[in-house]
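First up is the structure itself, then whatever we jot down about it.
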Amino acid sequence: MADEKKLWGGRFTGRADEGFAAFNRSFGFDRRLFAADVRASAAHAEALRAAGVLTDEEAARISRGLDALLARASEDQSFLDDPHAEDVHSFIEARLVELIGDAGRKLHTGRSRNDQVATATRLWLRGEIDEIAARVREAQAALLDLAEAHREAVMPGYTHLQRAQPVLFAHWCLAYFEMLARDRERLADARRRTNVLPLGSAALAGTSYAIDRELVARALGFESVSRNSLDAVSDRDFCVEFCAAASLSMAHLSRLAEDLIIYSTTEFGFVELGDAISTGSSLMPQKKNPDALELVRGKSGRVFGDLVALLVAVKGLPLAYNKDMQEDKEATFDAADTLSASLEVTATVLRNVRLREERAREAASRGYMNATELADYLARKGVPFRAAHEQVGRAVLRAIELGVELDELPLEELRAISPHVGEDVREALTLERTLATKSQAGGTSRERVAEALAAARESLG
Ligand code: ARG
């Protein structure tokens, strides 16, 4: 395609430096907004017709022309390979004029690329948020399926990565389910503020044509129209907010990845990662590496970077539009792509992971994880918890000396440490009792977890 005629050529007599023109071009990435920008253009044309700016005939030509462009782009991806186009907005206008002639030149009446780009980006992001929210839901469903496949299973819970107290494996799954539930809420919240129409703000001061902005909003599915034109063309909060929500979601996926990576080591050996999501080593034949999870963990940093890039890009900008804002797109696109792919692969991992129940149970039964239970036992017998804690600490020391678990300590040994220990202590220290006592809301008792699983399933609708 020949060198594009500039949208702003009139005032210029000289040509742009080719290096600068290339630097200025955004079509290489903002062509992703093609469909959104065409849709918004169609709604704008209709508003111009309703305002009496375009004749019915002109509006119909524009509408048919825009449809033809959409069809062309979906038939032939290479249609959007234009090294000369400045940005997606000028590309669409130029192709429209080629196709329908002069009527195409009237489309830009009453609008600016400033309100146009904000509109297209919002439309695009809204669709993206919906797809991502569906993927979060998929990952949540995979967590529930995994929990249900190992309903009875027990594993050690950790603090400081030291064995702490036993928990149900399903409780661990549900912990991540909760994080993802909040991620979906955050996305829904970001969507609400994204779903506001800037078109009609024109360059910065508002439009001088009698465009019915409510009509445009309705045609494009926006919930409301922006209230201030200066703000509407300058605001990239919606991108920042999305990247913040995406960052937090990536942080959650990264923690999940880290847990599974650790649990899949020979040292832990709680989970086995399926071949479908693992790789081997080119040198060490025995290796099975958790690459999928490591990539999710690694890619989280990119999304945090996108968030910071956006914040830095907007923080010093005077009102209203500045070209710095063109930098919003690659960050937002990258955050969306990275989160989307990470969610998908996480769901796949969760569907290809198996808990080694015996090993996890064995680990949950050792390492003095019932020490708190013994302290609680003494506290229930009237020993102040602080004193009980001290006494159990001594019991643990003694058990380590003898090379046994707490529940294997001879009764006399326990009695020597606290005279409050009775015959019933054995029962109190079993793994099942330890779980059963965590029976308040949010705890890991079997009843609470069964309820939580049912509620989680219900929440997915
Ligand atoms: N490509 C530009 C962007 O992404 C479109 C808006 C251009 N507006 C302007 N006044 N130069 O921000």
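The values are calculated or read from the model by the stated rules, or taken from the named source; none is laboratory data. Keep in mind it's a predicted model, so treat the numbers as computed, not measured. FYI the Cβ positions are ideal-geometry reconstructions off the backbone, even for glycines, and counts take in every protein chain you see. Side chains included, ligands, DNA and RNA excluded: accessible areas come from the protein's heavy atoms. Shrake-Rupley method; radii C 1.70, N 1.55, O 1.52, S 1.80 Å.
Laid out as a table, the results:
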read-out: Residues located in segment 331-380, provided they are among the charged types (D, E, K, R) and within 16 Å of the ligand (Cβ to nearest atom); value: Asp334
read-out: Filter result for the condition that a residue is under 26 Å from Ala276 (Cα atoms), crowded, with 19+ Cβ neighbours inside 10 Å and in contact with a Cys (Cβ under 9 Å, 6 or more places away or on another chain), over Leu343, Leu350; value: Leu350
read-out: Filtered residues of segment 227-272 (kept if polar (S, T, N, Q), open to solvent by 50 Å² or more (accessible area, probe 1.4 Å) and under 30 Å from Gly316 (Cα atoms)); value: Asn228
read-out: Unique residue being among the acidic types (Asp, Glu) and either surrounded by 13 or more Cβ atoms within 10 Å (Cβ to Cβ) or modelled with pLDDT of 95 or more (or both) when the list is Glu408, Glu390; value: Glu390
read-out: Filter result for Leu215 (over 25 Å from Ala244 (Cα atoms), within 16 Å of the ligand (Cβ to nearest atom), surrounded by fewer than 18 Cβ atoms within 10 Å (Cβ to Cβ) and more than 31 Å from the chain's Cα centre (by Cα)); value: no
read-out: Positions within segment 418-458 being within 22 Å of Ser365 (Cα to Cα), outside any loop (DSSP other than H, G, I, E, B) and hydrophobic (A, V, I, L, M, F, W, C), in sequence order; value: Val425, Ala428, Leu431, Leu435, Ala436, Val449, Ala450
read-out: Residue in segment 313-330 that is loosely packed, with under 13 Cβ neighbours inside 10 Å, within 16 Å of the ligand (Cβ to nearest atom), more than 26 Å from the chain's Cα centre (by Cα) and of a type in the set (A, V, I, L, M) present; value: yes
read-out: Pick from segment 273-287, criterion without any contact (Cβ under 8 Å) to a residue 12 or more places away in the chain and in contact with a Lys or Arg (Cβ under 6 Å, 6 or more places away or on another chain), ranking: least open to solvent (accessible area, probe 1.4 Å); value: Ser281
read-out: Filtered residue count, segment 136-156, keeping only those that are open to solvent by less than 10 Å² (accessible area, probe 1.4 Å) and closer than 30 Å to Val396 by Cβ; value: 4
read-out: Qualifying residues in segment 87-99 (those that are hydrophobic (A, V, I, L, M, F, W, C), open to solvent by less than 20 Å² (accessible area, probe 1.4 Å) and without any contact (Cβ under 8 Å) to a residue 60 or more places away in the chain) - the one farthest from the ligand (Cβ to nearest atom); value: Leu96
read-out: Hits in segment 168-205 - residues which are within 16 Å of the ligand (Cβ to nearest atom) and either under 30 Å from Glu362 (Cα atoms) or surrounded by fewer than 17 Cβ atoms within 10 Å (Cβ to Cβ) (or both); value: Ala203, Ala205
read-out: Which listed residue is part of a loop (DSSP other than H, G, I, E, B), within 24 Å of Ala47 (Cβ to Cβ) and either more than 16 Å from the ligand (Cβ to nearest atom) or in contact (Cβ under 8 Å) with a residue 12 or more places away in the chain (or both), from Gly110, Gly104, Gly65; value: Gly110
read-out: Asp82 vs. criteria within 16 Å of the ligand (Cβ to nearest atom) and more than 21 Å from Ala203 (Cβ to Cβ); value: yes
read-out: Given (1) open to solvent by 50 Å² or more (accessible area, probe 1.4 Å); (2) away from the ligand (no atom under 13 Å from the Cβ), index of the condition Arg32 fails; value: (2)
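Residue by residue, here is whether (1) closer than 19 Å to Val216 by Cα; (2) touching a helix residue (DSSP H, G or I) at 6+ places or on another chain (Cβ under 8 Å); (3) part of a helix (DSSP H, G or I) holds:
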{"site": "Arg32", "(1), (2), (3)": "no, yes, yes"}
{"site": "Asp37", "(1), (2), (3)": "yes, yes, yes"}
{"site": "His44", "(1), (2), (3)": "yes, yes, yes"}
{"site": "Leu54", "(1), (2), (3)": "yes, yes, no"}
{"site": "Leu69", "(1), (2), (3)": "no, yes, yes"}
{"site": "Ser78", "(1), (2), (3)": "no, no, yes"}
{"site": "His89", "(1), (2), (3)": "yes, yes, yes"}
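One line per residue, one yes/no per condition, for (1) open to solvent by less than 10 Å² (accessible area, probe 1.4 Å); (2) more than 31 Å from the chain's Cα centre (by Cα); (3) not polar (S, T, N, Q):
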position: Gly14; (1), (2), (3): no, yes, yes
position: Asp37; (1), (2), (3): yes, no, yes
position: Ala40; (1), (2), (3): yes, no, yes
position: Asp81; (1), (2), (3): no, no, yes
position: His108; (1), (2), (3): no, yes, yes
position: Ala120; (1), (2), (3): yes, no, yes
